[in-house]
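Below is one structure, written out as structure tokens; the observations come after it.
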Amino acid sequence: MRPEITRARTLRRQMSDVEIILWSRLKRLRERGFHIRRQAPFQGYFLDFVCYPRRIVIEVDGSQHGGEAQIAHDGVRDAILRRHGFQTLRFWASDVRHDADWVMDQIFLALEGAPPTVRPSSLTPAAPP
């Protein structure tokens, strides 16, 4: 098995309490047609949560994300994700813990507003003029 898959599985088993709270709500979005994955490997990173068809990444940040070095690291990571067409939504762990309804509202609005992406393999060539 590829090492990133093994690592992703480990991260899924070791989710923080706040990630578990959010995941319990995010997985209910399947009923509305949104498929969310958790701890998904991508370009050497592990995305807390991602909706690939809508190109939305959802990150839950604890206090360690407030330091200068981590802010810079997150900026680089978000830029890489943007280059691949992703929008990153970042929420503080305290917001998830104390106002999960607001967090879910923000996520749902982003998911509804983002047009679904089409896989290049499913595109048909344009007809000549």
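Residues being open to solvent by less than 50 Å² (accessible area, probe 1.4 Å) and closer than 22 Å to Trp92 by Cα: count how many of those fall in segment 1-15. Going through segment 1-15 one residue at a time, the tally reaches 3. Could you list all residues from segment 41-64 that are small (Gly, Ala, Ser) and within 16 Å of Arg90 (Cα to Cα)? Result: Gly62, Ser63.
I need a count of the residues in segment 63-89 that are open to solvent by 20 Å² or more (accessible area, probe 1.4 Å) and at pLDDT below 90. Steps first, answer last, please.
Step one: list which residues in segment 63-89 are open to solvent by 20 Å² or more (accessible area, probe 1.4 Å), which gives 63-73, 75-76, 78-80, 82-85, 87-89.
Still in the list and also at pLDDT below 90: 63-73, 75-76.
Residues in segment 63-89 being open to solvent by 20 Å² or more (accessible area, probe 1.4 Å) and at pLDDT below 90: 13 in total.
Restricting attention to segment 1-25, the residues that are touching a helix residue (DSSP H, G or I) at 6+ places or on another chain (Cβ under 7 Å) and among the hydrophobic types (A, V, I, L, M, F, W, C) total 4.
Scanning segment 19-50 for residues being over 20 Å from His73 (Cβ atoms) and either open to solvent by less than 30 Å² (accessible area, probe 1.4 Å) or in a loop (DSSP other than H, G, I, E, B) (or both) gives a total of 7.
Is it fair to say Ala8 is over 17 Å from Val103 (Cα atoms) and in a strand (DSSP E or B)? For Ala8, the condition - over 17 Å from Val103 (Cα atoms) and in a strand (DSSP E or B) - is not met.
So is Ala100 free of Cβ contacts under 8 Å to residues at least 40 places away in the same chain and open to solvent by less than 40 Å² (accessible area, probe 1.4 Å) or not? Explain how you work it out, then say what you get.
Working: free of Cβ contacts under 8 Å to residues at least 40 places away in the same chain: no; open to solvent by less than 40 Å² (accessible area, probe 1.4 Å): yes.
No, not satisfied.
Residues in segment 103-128 that are surrounded by 12 or more Cβ atoms within 10 Å (Cβ to Cβ) and modelled with pLDDT of 90 or more: Val103, Met104, Gln106, Ile107, Phe108, Ala110, Leu111.
The values are calculated or read from the model by the stated rules, or taken from the named source; none is laboratory data. Source: prediction; values computed, not measured. Quick reminder, even Gly has a Cβ in these numbers, built from the backbone with ideal geometry, and neighbours come from all protein chains shown. Quick note on the areas: whole protein, heavy atoms, side chains included, nothing else; ligands and nucleic acids left out. Shrake-Rupley method; radii C 1.70, N 1.55, O 1.52, S 1.80 Å.
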